[in-house]
Amino acid sequence: MIKIEHLVKNYGANCAVDDISFEIKKGEIVGFLGPNGAGKSTTMNILTGYLSSTSGIVEVAGLNVLDYPLEAKKHIGYLPEQPPLYLDMTVEEYLIFTYNLKGCTLNRTKHLEEICDVVKIRDVYKRLIRNLSKGYRQRVGIAQALIGNPEIIIFDEPTVGLDPKQIIEVRNLLRNLGRDHTVILSTHILQEVQAVCDRIIIINKGKIVADELTENITRAVESNRRFQLKICGPQKEVLNMLRQKPGIVHAELTSARDGDAYTYNIESDVGVDIRKSLFYTLAEKGWPLIGMEALGMSLEEVFVAIVDQAADRSARYERGAQKPPRRARVEHELAKTITEKKKSEESEYSALFDDDDE
Ligand code: ADP
Ligand code: MG
């Protein structure tokens, strides 16, 4: 449905998109994820024909966007980062304007009514866009994207500036649209693509650093290796025991307390399920375990790990090293990042601990 090959976009000397390639099949819901300045909007603008590329091929529904801009655009509903709203129009005027602009041939009244129901803007239909809240403006932006019933929906940072309830509404809407559309959601929020998308393409500094099924990213996140423990007992001794216990590679005291229990974060060795033996050890010592919660890895950590290691990885492959399986690669990188982060924090924690004792 969408094919991008060796796409490059330079702004003067600055390379915003640096030789990226990917394909998106009909019916996929794909997240285009990257930090600010990664090149997401530039790519989306090229894909939708709003911006020219420096080089590379972009095809939409088999049509080259450069050669057939109008025909290609008919297949796409686009919500740009800054929705192109005319503040002095009412919602109704604006949607009719867009309808005419797109040369839509569907029954106008019926089509616009349906769209207003989908994005829930009937109650502001006669109002000036200028007077609408950010949330409603965003919905009007989504409405204009849906006019003409395009097969492909592309939303660039659709939830920025919305409140939590509105964010959930937009995500639900995207998921629903994903049932019978091809959807690209561009965002810097990992949870957002996790909540909505089947597949995640991660872009950083104009390059693609990962292209994974969402479940693979999620699996890496939910590893059973990090736990938060609440243990009643002398904190120094408990911490020493945790640090010396075989199978635990890292243990630290956190500042949280729960009654007379202190809270510890631990990380077990790869392939070790530490939970049962930990329970017995604590029972033997007479230190009640009153809480054990899997921490997994924060989504931000996963994101940072993948992005940070990308440069490393490409340098290694350029030297001709053999590529390990992708799954192993991601897990190795995640593990490494956690360990390094912990080490740097460890000294801070022990300082805190020494002061606190007794
Ligand atoms: P994202 O949407 O991922 O935040 P953008 O595609 O907007 O990233 O920007 C990618 C890079 O290109 C950034 O370094 C940005 O500063 C630069 N850039 C974007 N638009 C322009 C422009 N019109 N002129 C010059 N540089 C630009
Ligand atoms: Mg952007």
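The values are calculated or read from the model by the stated rules, or taken from the named source; none is laboratory data. Just so it is clear, the structure is predicted and the values come from calculations on it, not from any experiment. Heads up, the Cβs are rebuilt from the backbone with ideal geometry, glycines too, and the neighbour counts pull from every protein chain shown.
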- Item | Scope the stretch 173-206; condition of a type in the set (Val, Ile, Thr) and within 16 Å of ligand 1 (Cβ to nearest atom); matching residues | Ile184, Thr187, Ile189, Val193, Ile200, Ile201, Ile202, Ile203
- Message: Of everything in the stretch 178-201, what is of a type in the set (Asp, Glu) and within 16 Å of ligand 2 (Cβ to nearest atom)? Give them in sequence order.
- Response: Glu192
- Is it fair to say Asn216 is in contact (Cβ under 8 Å) with a residue 60 or more places away in the chain, surrounded by fewer than 18 Cβ atoms within 10 Å (Cβ to Cβ) and at negative phi? yes
- Does any residue of the stretch 148-155 turn out to be modelled with pLDDT of 95 or more, within 16 Å of ligand 2 (Cβ to nearest atom) and buried (at least 19 other Cβ atoms within 10 Å of the Cβ)? yes
- Condition met for Leu87 (closer than 26 Å to Glu113 by Cα, surrounded by fewer than 17 Cβ atoms within 10 Å (Cβ to Cβ), more than 16 Å from ligand 1 (Cβ to nearest atom) and not acidic (Asp, Glu)): yes
- Task: Kindly provide the set of residues from the stretch 42-51 that are within 12 Å of ligand 1 (Cβ to nearest atom) and either of a type in the set (Ser, Thr, Tyr) or surrounded by fewer than 17 Cβ atoms within 10 Å (Cβ to Cβ) (or both), ordered by number.
- Result: Thr42, Thr43, Tyr50, Leu51
- Residue count for the stretch 2-44, restricted to those that are within 16 Å of His75 (Cβ to Cβ) and touching a residue at least 40 places away in the same chain (Cβ under 8 Å): 10
- Query: Of the residues Arg130, Arg175, which single one is away from ligand 2 (no atom under 16 Å from the Cβ), among the charged types (D, E, K, R), touching a residue at least 40 places away in the same chain (Cβ under 8 Å) and under 20 Å from Phe97 (Cβ atoms)?
  - Reply: Arg130
- Message: Quick test of your reading of the structure: Lys9 fulfils all but one of (1) out of contact with any His (no Cβ under 9 Å at 6 or more places or on another chain); (2) in a loop (DSSP other than H, G, I, E, B); (3) farther than 23 Å from Arg137 by Cβ; (4) within 16 Å of ligand 2 (Cβ to nearest atom). Name the failing condition by number.
- Response: (2)
- For the stretch 232-259, what are the residues that are loosely packed, with under 15 Cβ neighbours inside 10 Å and either in a strand (DSSP E or B) or at pLDDT below 90 (or both)? Thr254, Ser255, Ala256, Arg257, Asp258, Gly259
- Message: Among the residues of the stretch 197-218, what is the count of those that are within 12 Å of Asp18 (Cα to Cα), assigned to a strand (DSSP E or B) and among the charged types (D, E, K, R)?
- Response: 1
- Hey, Pro84 hits all of (1) within 16 Å of ligand 2 (Cβ to nearest atom); (2) in contact with an Asp or Glu (Cβ under 9 Å, 6 or more places away or on another chain) but one; which does it fall short on? (2)
- Quick one: in the stretch 156-165, which of the residues that are out of contact with any Lys or Arg (no Cβ under 8 Å at 6 or more places or on another chain) and modelled with pLDDT under 90 is farthest from ligand 1 (Cβ to nearest atom)? Lys165
- Collect the residues in the stretch 14-41 that are within 12 Å of ligand 1 (Cβ to nearest atom) and not in a loop (DSSP other than H, G, I, E, B), keeping them in residue-number order. Asn14, Cys15, Ala16, Val17, Asp18, Ile20, Phe32, Leu33, Lys40, Ser41
